[in-house]
Amino acid sequence: MERSIEMEEKRQEQCVVVKQPKYFQISFGLLFYMMALTLPLIVQCHDSFNYGDALSKSLLYFESQRSGRLPHNQRVTWRHHSGLTDGLEQGVDLVGGYYDAGDNVKFGLPMAFTITMLSWGVIQYGGEISDAGEYHHAIEAIKWGTDYFIKAHTHPHVLWVEVGDGDTDHYCWQRPEDMTTSRRAYKVDERNPGSDVAGETAAAMAAASIVFRKLNPHYSHLLLHHAQQLFEFGDKYRGKYDSSIEVVKGYYPSVSGYMDELLWAAVWLHKATDNEAYLKYVLDNADRFGGITWAITEFSWDVKYAGVQIIASMVNNHKEHEQVLERYLSKAEFYLCACLNKNNETNVDRTPGGLLYIRQWNNMQYVSTAAFLLTVYGDYLQSTNQTLKCDRGTLTPQELFDFAKSQVDYILGSNPMAVSYLVGYGSKFPQRMHHRGGSTVSYKQDQGFIGCTQGYDDWFKRLDPNPNVVVGALVGGPDEKDQFRDERSNFVQTEACTYNTATLVGVFAKLHRLYSLDSHTDNLLIASS
C-alpha cells in the first residue's frame with residue numbers, strides 16, 4: 001500500500017537537521033559552504049518515533065485506571081478516590097487494584113495478566129526503562145496491583161477475583177468516583193475452584209517477586225509466598241473460575257481452560273525460585289496440559305500457551321528432558337513464524353497496512369503481545385547466536401525485531417489512517433475513547449453527583465471530544481481493512497484495556513534505547529530542500 005500524503009508529512013516531521021561534525025567543517029568548510037548554496041539539506045530521519053515519550057505515557061495510563069485511595073504523588077489529576085468500600089459487604093478489605101478498561105469493575109484474571117506482563121517487561125528491559133527515567137513509575141504500576149492481590153488472597157485457598165458486576169455496571173455511565181452500581185465481591189475457594197485465575201495471579205506475584213528481589217527483599221519474599229500458595233491451591237482444587245463465578249462469563253470467560261495458567265504459573269515460579277520441581281511440573285504435564293500439543297497463534301489474558309512455550313524453549317542444560325523441551329521449542333517457533341507469515345499453512349492474518357489481525361474486538365491486545373514476544377525472543381536468539389527456523393525460511397533476530405518495530409510504529413501512527421492508537425501520543429489520536437471517567441467531567445472540576453442515566457444523557461451521547469485524555473491507553477484499534485471510527489459508542493475499537501498497554505512498556509524502552517535521537521546520528525539521507 002502506498003504511503004499516504006498525511007503519513008509522509010508525519011514521517012518528515014520526525015526528520016531533524018544534523019549539525020555536521022567539526023572534522024567535516026574544518027576539512028571541507030569552504031567547499032561545504034559553497035555546496036550548501038546549491039545542494040539540498042542533509043537531514044537525519046529515523047523513520048521512527050519518540051519511543052521515550054510513548055514509554056512515559058504508557059506508564060501514566062495505569063494511574064488513570066487506579067481504584068482505591070489515590071496517593072499524594074498521583075499524576076493523573078482528573079481522577080479521585082473511588083471504590084473505598086470495596087469488599088466491605090463481604091467483610092474483607094478489597095480497596096485498590098485496577099479497573100480493567102472503560103468500566104468500573106475489577107476483574108482479577110486480566111488484572112493479574114497485566115501485572116505479569118508489566119513485571120516481565122521490567123525483568124527483561126529494566127535497564128532500558130531506568131535509562132529512560134521511568135523505572136520508579138514502572139515499579140509503582142506493578143506494586144499497585146500486587147498490593148491488591150495480597151489483600152485479595154485472604155486464605156491459602158481463598159482468592160477474591162472480582163469486585164463489581166459487569167451487567168449492572170454497563171447499565172450505568174458513571175465516573176468511578178460516583179459509582180452506585182453493585183460492588184459485590186466474588187471469590188474462588190475449595191468448593192468453587194478457579195485454577196485459571198489462581199494460576200495467573202500466582203504467575204503475577206512470582207514475576208513481581210523477581211522485580212522486587214533487590215529493591216525490597218521482604219516484599220519479594222511475601223509475594224513469592226503468596227504465589228506458591230496460590231499455585232498449590234489452583235493445582236489441588238482444579239476447575240474453571242467462570243464455572244464458579246458465572247457473572248464473569250459475559251466479560252472474561254476462561255475459554256482456554258485452566259491448564260495453560262497452571263503451566264504459566266509453574267514456569268514463573270521456576271524463574272523466581274530456580275526450584276526444579278516447578279520445571280518438572282511443566283515437563284511432566286507438557287502433553288496432558290497441552291503445552292506441547294497446542295499450536296497457538298495468539299497470546300492474551302486468556303490464552304497463555306505461547307508464553308509458556310517461549311519461556312520453556314529458552315530453558316537450557318537439561319539433557320534428560322531434551323525431547324520435551326524440543327517440542328516446546330517447536331510450538332514456540334510455530335507462534336513466532338505464524339506472526340511473521342512464514343508457516344506453510346497457518347499464519348496470522350494482516351490488514352492491508354500490515355497490522356497483525358486476530359479478531360475484530362480489541363485486536364490491538366494481540367498486536368502488543370506479539371510485539372513483546374518477538375522482541376524478547378529476538379534478543380534470546382541474538383544472545384545465543386541462533387536464528388528462527390520456519391517452514392518458509394530462516395529468519396535472523398534482526399528480522400524478528402524489525403517486524404515487532406513495524407507493529408509498534410503502526411500503533412504510533414505509521415498506518416493508513418495516520419492516527420496514533422496510543423491515546424495522548426502524537427498530534428492525532430482517538431478523541432472519544434470509550435471510557436466512563438475520561439468521557440465525563442472530572443470529579444476535581446465538578447463534584448456534583450452524576451447518576452446512571454444522567455451520565456448517558458449528558459456525557460456518553462456527546463459528540464465532543466472527551467474532557468479528560470486517558471494518556472497512554474492503547475485502544476482496540478482498526479478493523480481488518482485498517483479503518484477506524486472514533487466514536488464513544490464504538491467500544492469494539494475505542495475501548496482500551498490495561499493488558500493492551502502493559503506488554504508495550506518493555507518494547508518501548510528497548511526501542512527508546514536503540515532509536516533515541518540523542519544517540520543516533522548516522523542515519524542520514526538527502527531530502528529535498
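Among the GluC sites (Glu not before Pro) found in the stretch 462-512, those both in a DSSP coil and sparsely packed, with 15 or fewer other Cβ atoms within 10 Å of their Cβ, are Glu480, Glu487. A 1.4 Å probe run over the chain, with the rest of the protein chains in place, finds 42 Å² accessible per residue.
Taking all protein chains together and a 1.4 Å probe, the residues Lys510, Lys214 rank Lys214, Lys510 from largest to smallest accessible area.
I need the Kirkwood Rh of the chain: take the reciprocal of the average 1/r across all distinct C-alpha pairs and report it in angstrom. About 24.1 Å, per the Kirkwood formula over Cα pairs.
Heavy-atom accessible area, probed at 1.4 angstrom with all protein chains present, ranks Thr293, Thr369, Thr168, Thr453 as Thr453, Thr293, Thr168, Thr369, highest first. Rolling a 1.4 Å probe over the protein heavy atoms of the chain, with every protein chain left in place, gives an accessible area that is 51 percent carbon and sulfur.
Applying both filters, DSSP loop and at most 15 other Cβ atoms within 10 Å, to the chymotrypsin sites (Phe, Trp or Tyr not before Pro) of the stretch 256-346 eliminates every site. Taking other residues whose beta carbon is less than 13 angstrom from the beta carbon of Asp464, and scoring Lys, Arg as +1 and Asp, Glu as -1, yields +1. Among 315-322, 70-77, 249-256, sorting by the average number of other beta carbon atoms lying within 10 angstrom of each residue, highest first, gives 249-256, 70-77, 315-322. A probe of 1.4 angstrom, applied to the heavy atoms of all protein chains, finds Arg238 with accessible area near 90 square angstrom. Each stretch of four or more DSSP H residues adds -39500 (n - 2.57); spread over every residue of the chain, this sum gives -14000 deg cm²/dmol at 222 nm. Ligands, DNA and RNA aside, Lys428 has an accessible area near 80 Å² when probed at 1.4 Å. For the charge dipole of the chain, defined by +1 on Lys and Arg C-beta atoms and -1 on Asp and Glu C-beta atoms about the Cα centroid, which residue among Thr77, Val367, Thr396 has the Cα displaced farthest towards the positive pole? After comparing all options, I get Thr77. Could you tell me whether the stretch 235-359 comes out rounded, prolate or oblate from its Cα gyration tensor? Rule is a ≥ b ≥ c as square roots of the eigenvalues, rounded for a/c under 1.5, then prolate if a/b exceeds b/c, otherwise oblate. Because a/c hits 1.5 or more and a/b fails to exceed b/c, the stretch 235-359 counts as oblate. Each Lys and Arg Cβ is given +1 and each Asp and Glu Cβ -1; about its Cα centre, the chain then shows a dipole of about 680 debye.
The values are calculated or read from the model by the stated rules, or taken from the named source; none is laboratory data. This structure is a prediction, so every number in the text was calculated from the model and none was measured. Ideal geometry is used to build each Cβ from the backbone, glycine not excepted, and the neighbour counts take in all protein chains shown. Ligands, DNA and RNA are excluded from the accessible area calculation, which covers all protein heavy atoms including side chains. Shrake-Rupley method; radii C 1.70, N 1.55, O 1.52, S 1.80 Å.
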